[in-house]
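Enquirer: The structure under discussion is supplied below as C-alpha cells; questions concerning it will follow.
The values are calculated or read from the model by the stated rules, or taken from the named source; none is laboratory data. Bear in mind the structure is a predicted one, so any value in this text is a computation, not a measurement. Cβ placement follows ideal geometry from the backbone for every residue including glycine, while neighbour counts extend to all protein chains displayed. Note: accessible area is taken over every heavy atom of the protein model, side chains too, but ligands, DNA and RNA are not part of it. Shrake-Rupley method; radii C 1.70, N 1.55, O 1.52, S 1.80 Å.
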Amino acid sequence: MTTIKTIHAGVLSIAYLEHGPASGWPCILGHGFPYDVHAYSEAAPILAEAGARVIVPYLRGFGPTRFLSAETPRSGEQAALGADLKALMDALQIERATVAGYDWGGRAACIVAALWRDRVEALVSANSYNIQDIARAMEPASASEEAAFWYQYYFHSERGRRGLIKDRRAIARLLWRLWSPTWAFDQATFERTASAFDNPDFVEVVIHSYRHRYGLAPGDPQYEAIEAALAAQPRISVPAITIDGDADGVNPGTKHHAVKFVAAHEHRFFRGAGHNLPQERPADWARAVIDARAMAEG
C-alpha cells in the first residue's frame, strides 16, 4: 500500500501519494470534487511503470491535507487551487512537470499551465479549458445544463450548506451516479473515497468554491492578483491533450474550447465514460499523459 506523505506548501500541509522512482519524470495528477486521490489508483501505477515520478495530492479541504493556520480563509476559489499546485511544486523542488487533472484538479492544472507555463512540460485536462470566466458567470446556459448544475445552486443557499454538513456522502454518491451513469462503481469504491470528505474544512472550502465562481462570495485577498490574471481568460501555450467522456452527466462536451490552446493540442473522446475519467478509464488516461509528454518532447 502506498504511504501518504505530507509537505508544507504555501498555506497548507499537503498530503499526497507518490508512485514511481524519485528520479523519474515529474507528473502531478489532480482529483476533483467530490472525489479524492483514489481516482488515480490504477492510472498512477501505469505511469510509474512508464518511468514517471507520480505525485497525487489531496486538494485543500480533502483527506489529510490541512491548513497551517486557523486564520487562513477556507477559500475554494480557482486561484487558490492553482496557487496550491504551484506551491506543491516549489516545496517538492519540481521545476517542471507534466500536469493532469479533471474537475477541480484539472482547473488547477490549467491555471498553472496558463500563468506559469515555464513550470509545465505538458497538460492533460478533462473538459478542456477549466478556467472559470467569473465575469460571465450569470449568463444562462441551456435548460439541460442548468438542471445538471442543481448542486451548485443548492450550495448557494444556507439550506445547501446545512445539507452538505448533514449528508455529504449521500450528495457525493448521487453526483457520482448522475455524472458517470455508465460507471458501475461498488459501495467499497465509494467509501474508500468518501472518508476524504470528513476533512474539517471540506464544507467551508466546497461552499466557498461554488459561491465564489458565481461572484456571490469574496475571494481571499492573497489571491487577488491571480484572479485578475485569470479574468483575462489567458490562453494555454503548452502542449496539451484535452478529453471528454461522451457519457458525462455534468458537461456536454468541450471540443469548442480548442481556441484556448495555442500550442500542440489534441482533443480526445472516451467512449462510454462519464466525468471521473481517470478512474473510469485508467489505461486511456495514462496513455493520454504519456502521449502529451511525447508531444512536448517531439
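Enquirer: Give the span of the stretch 1-93's Cα atoms along each principal axis, as three whole-Å numbers ordered largest to smallest.
Expert: For the stretch 1-93, the Cα spread along each principal axis is 41, 28, 23 Å.
Enquirer: Let me ask something additional. What are the equivalent ellipsoid semi-axes of the stretch 88-187, built from the alpha-carbon gyration tensor (square roots of five times its eigenvalues), in whole angstrom, biggest first? Present the calculation step by step, with values, prior to reporting the outcome.
Expert: Numbers: eigenvalues 176, 67, 45 Å².
The equivalent ellipsoid of the stretch 88-187 has semi-axes of 30, 18, 15 Å.
Enquirer: Let me ask something additional. Using helices alone, I'd like the mean residue ellipticity at 222 nm for the chain: each DSSP H run of four-plus residues gives -39500 (n - 2.57), total over residue count, nearest 500. Numbers along the way, then the final one.
Expert: Working: 11 runs with 115 residues, N = 298.
Helix-only estimate at 222 nm: -11500 deg cm²/dmol.
Enquirer: Summarise the long-distance tail of P(r) for the stretch 234-298 by giving the % of C-alpha pairs beyond 15 Å.
Expert: Counting every Cα pair in the stretch 234-298, those more than 15 Å apart make up 52 percent.
Enquirer: Between residue 136 and residue 271, how many nm apart are label points set 7 Å from Cα along the C-beta direction?
Expert: Roughly 3.2 nm, to one decimal.
Enquirer: Next question, about the same structure. Could you identify which residue out of 51, 61, 82 has the top mean-square fluctuation in a GNM of the chain using Cα springs shorter than 10 Å?
Expert: Maximum fluctuation in the GNM of the chain, among the listed residues, is at 51.
Enquirer: In nm, give the distance between the simple-model label positions of residue 262 and residue 156, each being 7 Å from the Cα along the Cα-to-Cβ direction.
Expert: That separation, rounded to one decimal, is 3.3 nm.
Enquirer: Moving on. Based on the alpha carbon coordinates of the stretch 42-136, what radius of gyration and maximum Cα-Cα distance (Dmax) apply, in Å?
Expert: Both quantities, over Cα of the stretch 42-136: 13.7, 43 Å.
Enquirer: Multiply the residue gap between residue 116 and residue 6 by 0.36 nm, knock off their C-alpha separation, and tell me the result in nm, one decimal place.
Expert: 37.2 nm
Enquirer: How much area per residue is accessible in the stretch 163-298 when the probe is 1.4 Å and only protein heavy atoms are counted (Å²)?
Expert: 44
Enquirer: OK, next. Share of Cα-Cα pairs in the stretch 180-298 beyond 18 Å, in percent?
Expert: 68
Enquirer: What length, rounded to one decimal in nm, is gained on full extension from residue 182 through to residue 214, with 0.36 nm per residue of separation minus their alpha-carbon distance?
Expert: Full extension of this stretch gives 8.5 nm more.
Enquirer: Using the Cα atoms of the chain, I'd like the radius of gyration and the largest Cα-Cα distance, Dmax, both in angstrom.
Expert: 17.5, 52
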